[in-house]
1. Say we look at the stretch 190-209 and pick out the residues that are in contact with a strand residue (DSSP E or B) (Cβ under 7 Å, 6 or more places away or on another chain) and assigned to a loop (DSSP other than H, G, I, E, B); which of these is most open to solvent (accessible area, probe 1.4 Å)?
2. Please work out which one of (1) touching a Cys at 6+ places or on another chain (Cβ under 6 Å); (2) modelled with pLDDT under 85 is the condition Pro4 fails and give its number.
3. So, in the stretch 58-83, exactly how many residues are under 24 Å from Thr107 (Cβ atoms), open to solvent by less than 30 Å² (accessible area, probe 1.4 Å), in a loop (DSSP other than H, G, I, E, B) and not β-branched (Val, Ile, Thr)?
4. Among the candidates Phe529, Phe525, single out the residue that is under 16 Å from the mean Cα position of the chain (by Cα) and at pLDDT 75 or above.
5. Considering only the stretch 223-230, I want to know if a residue exists there that is touching an Asp or Glu at 6+ places or on another chain (Cβ under 7 Å) and either of a type in the set (A, V, I, L, M, F, W, C) or open to solvent by 30 Å² or more (accessible area, probe 1.4 Å) (or both).
6. How many residues does the stretch 408-431 contain that are without any contact (Cβ under 8 Å) to a residue 60 or more places away in the chain and more than 30 Å from Leu395 (Cα to Cα)?
7. Show the residue pairs that are 6+ apart or on different chains and have beta-carbon atoms under 8 Å apart, the first residue being within the stretch 603-629 and of a type in the set (Ser, Thr, Tyr) and surrounded by fewer than 20 Cβ atoms within 10 Å (Cβ to Cβ), the second being modelled with pLDDT of 85 or more and not in a helix (DSSP H, G or I).
8. How many residues are open to solvent by less than 10 Å² (accessible area, probe 1.4 Å), under 26 Å from Phe618 (Cα atoms) and assigned to a helix (DSSP H, G or I) if we restrict to the stretch 558-578?
Amino acid sequence: DWLPWSLLLLSLTCDTGAFYVPGVAPINFHQNDPVEIKAVKLTSSRTQLPYEYYSLPFCQPNKITYKAENLGEVLRGDRIVNTPFQVLMNSEKKCEVLCGQSNKPVTLTVEQSRLVAERISEDYYVHLIADNLPVATRLELYSNRDGDDKKKEKDVQFEHGYRLGFTDVNKIYLHNHLSFILYYHREDLEEDREHTYRVVRFEVIPQSIRLEDLKADEKSSCTLPEGTNSSPQEIDPSKENQLYFTYSVHWEESDIKWASRWDTYLTMSDVQIHWFSIINSVVVVFFLSGILSMIIIRTLRKDIANYNKEDDIEDTMEESGWKLVHGDVFRPPQYPMILSSLLGSGIQLFCMILIVIFVAMLGMLSPSSRGALMTTACFLFMFMGVFGGFSAGRLYRTLKGHRWKKGAFCTATLYPGVVFGICFVLNCFIWGKHSSGAVPFPTMVALLCMWFGISLPLVYLGYYFGFRKQPYDNPVRTNQIPRQIPEQRWYMNRFVGILMAGILPFGAMFIELFFIFSAIWENQFYYLFGFLFLVFIILVVSCSQISIVMDYRWWWRNFLVSGGSAFYVLVYAIFYFVNKLDIVEFIPSLLYFGYTALMVLSFWLLTGTIGFYAAYMFVRKIYAAVKID
C-alpha cells in the first residue's frame, strides 16, 4: 500500500517550485512605471546576527518608511524599508549617483568607516527586493572535466543578496557601484492595448570603483571607467573615507512566466542528491521496518498461540516470556504528571508540524510570502493546545492521577516555558548587539499574551474533557506487589537503548536535516516540503517500530529511548558547526547552540511521543490477545 502513496507524494514534490500562493496576484507594470527597490536586512553566516539596512551609512531617501510586518518577519529579523534607487520599468540607466552631488562625494566618518570595515570583514551580505523578488548574484563556475579549455562547461549558480565588500591582502574594499539586471516577461494582450510587463528576475553585479575613477556631472549621472584599469574603493577604518554610491539599471526580456519566477532561487542546490538520498532512506527504512515487523509478528504469533495452548492443556504450568510481567506492565510510573505533560506537548508539536508541512507541501507557504511559515507555526502551536491538553488529561487519568488542574497548568507551561526562557536569554544577548534579529519588546508581550490568552485556556479546556473521559482500558490487572527485577544485560542499559534506537529514524532524515540546517544558518531557501512530508511519515513509522522493542518498566524508558534520534541530531549539529560554519565569536556560538538545544528538545518530544503511543497501543494489543487468569 505504501508505494502508490509515496509515488503520489513524490509527484507532488516535483511541482512545489512552480506552485504559487493562492491570493497573491501579480503586479502589472506599464512602460516607465516605477519599480520600487526595498531593502530587507544585512546577514552573515559567520555572525548569525542580522542587521537592518540603515544600520550602515547607506544613502537614505527623503522619508524612510518601514513596511508593516507579520510575526514571522519580525522573528526572522527582516526590517523591510524603502531605498532611494529610482528604477523605471524597461528604462535603462547607464550610471547614476545615488546621493551626494557631483562635486561633493559622500564622506564616511572614522566611526562609520570602522563599522563598514567590520561588517565587510564579517562577510555580510545585503538583501534587496524588487516587486517582492530577492536580489541574487550570479556565480559562473566552470566545470572542466576533460582538461580541455574549449570544452569548459559553464555552471551557473545564484547567491542570495550581494556581498557588502571584500578583503584583499589585509585591505578592505566596499562594493559602492551596483549594476542591477532586471528581467521582465511581456504579457500578451489584444492589439490596441498597451503592453504590460511583469518582473521575473532580479540580479545584481556589485563592483568596487574608487572615487577618482568615477566621473560625475551636475545631473547626478556618472561615467564608469573603461575596461579593467580602475582600482577598487578602499575603506580605511582609521580615517575618514570619501566615495560615491552609484548604480546602473539594465532590463532584459525573459521567457520565464510570472508563476515560475521563483524557480531560479529555489533550484540553487543540487536536487539529484536529494532524490538519491530520499530514495535511499525510503529503501533502507522499509527494509529494516520489514525485518522488524516480521520478527515481532512471527515471534508474537508463536508466543500467543503457545500461551493460549498452554492455558488449555495445563493451567498449572509456569508462566514464561513476556506473559510473566503481565501484572506489572501497566503499573503507573513515577512522576505521572510530568510524563503526561511532556506527552501532551509532544502531541501539540506533532499536530502543528504535520499541518504546517502538509500546507507548505500544497504551496501555500512559498518563500514569496515572507515569514508566513513561522507565523503559521506559532499560531497553530497555540491552537493545537486543545489536542495536547485532551491527550495529556486522558493519559494522566489512566495513570491514576487526581490533581487535574495542576496537571493542566503543567502541560500548558512546562515545554513553552523552557522555550520562552531560552529565547528570552538569547534575545538579551542579541539586544546587546543592536541586531534586528532581537525580538522587540511589544512583540514579546504579544507572544506572552498569545501563550496565556489562547494556548493556556485551550489546554485547560482540552485537559478538562480528557480527564473526564473514560481512561484507556488496560487489558490486564496490575499486581499489588511489584515483581523482583533480575540483573539486566548490558544492552538493556537505558543509554545503550537510546543509542541503538536513534540510528534508524536519524538515518531516514539526516540528508533532509542538512538542507534544513543550510536554510536556517546559511540563509538558503528551503522549499522541498513534499520531500519533507515523506521524510516525516518515514520518521513516524520508524519511531513507532523502534519503540515497540522495549522492556516492561517501559513508560518513561520508552519515551526517552524513542527520542534517541534527538541525541544524533545534537551530534550532527556539533559536526555541522565545526565543519560547515565559520563561527568564531562567543555570541554567534551561543545563539547557534541555544537554538540547536531548542530544536533537539522539540525533536525529542516529538519522536518520544510518537514512540510512546505506538508502544502503548502495541502493549495493550498483545496483552488483550492472551488469556490471563
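The values are calculated or read from the model by the stated rules, or taken from the named source; none is laboratory data. Here the structure is a predicted model, which means the values were calculated and not measured. All Cβ positions, even for glycine, are placed from backbone atoms using ideal geometry, and neighbour counts span all protein chains on display. The accessibility values were calculated without ligands, DNA or RNA, using every heavy atom of the protein model including side chains. Shrake-Rupley method; radii C 1.70, N 1.55, O 1.52, S 1.80 Å.
1. The initial filter retains those residues of the stretch 190-209 that are in contact with a strand residue (DSSP E or B) (Cβ under 7 Å, 6 or more places away or on another chain), namely 195-209.
Checking the rest, the ones that are also assigned to a loop (DSSP other than H, G, I, E, B) come to 195, 208-209.
On the way: His195: 79, Ser208: 19, Ile209: 7 Å².
So, considering only residues that are in contact with a strand residue (DSSP E or B) (Cβ under 7 Å, 6 or more places away or on another chain) and assigned to a loop (DSSP other than H, G, I, E, B), the one most open to solvent (accessible area, probe 1.4 Å) is His195.
2. If we test Pro4 against (1) touching a Cys at 6+ places or on another chain (Cβ under 6 Å); (2) modelled with pLDDT under 85, just (1) comes out false.
3. Here is the first cut: in the stretch 58-83, the residues under 24 Å from Thr107 (Cβ atoms) are 58-64, 81-83.
Next, only the ones that are open to solvent by less than 30 Å² (accessible area, probe 1.4 Å) stay: 58-59, 61, 81-83.
Subset that is in a loop (DSSP other than H, G, I, E, B): 58-59, 61, 83.
If we keep only those that are not β-branched (Val, Ile, Thr) too, we end up with 58-59, 61.
Number of matching residues: 3.
4. Working: Phe525 fails: at pLDDT 75 or above.
Just a single option satisfies the conditions, and that option is Phe529.
5. To start, the set of residues in the stretch 223-230 that are touching an Asp or Glu at 6+ places or on another chain (Cβ under 7 Å) comprises 225, 230.
Then drop every residue that is not either of a type in the set (A, V, I, L, M, F, W, C) or open to solvent by 30 Å² or more (accessible area, probe 1.4 Å) (or both), which leaves 225, 230.
Checking the stretch 223-230: at least one residue is touching an Asp or Glu at 6+ places or on another chain (Cβ under 7 Å) and either of a type in the set (A, V, I, L, M, F, W, C) or open to solvent by 30 Å² or more (accessible area, probe 1.4 Å) (or both).
6. Taking the stretch 408-431 as the starting set, the residues that turn out to be without any contact (Cβ under 8 Å) to a residue 60 or more places away in the chain are 408-409, 412-413, 417, 420-421, 424, 427-428, 431.
Still in the list and also more than 30 Å from Leu395 (Cα to Cα): 424, 427-428, 431.
Of the residues in that region, 4 qualify.
7. none
8. As a first pass, look at the stretch 558-578 and keep what is open to solvent by less than 10 Å² (accessible area, probe 1.4 Å): 558-559, 561-566, 569, 573, 576.
Those still in the list that are under 26 Å from Phe618 (Cα atoms) too: 558-559, 561-566.
Filter once more, so that each one left must be assigned to a helix (DSSP H, G or I): 558-559, 561-562, 564-566.
So the answer is 7.
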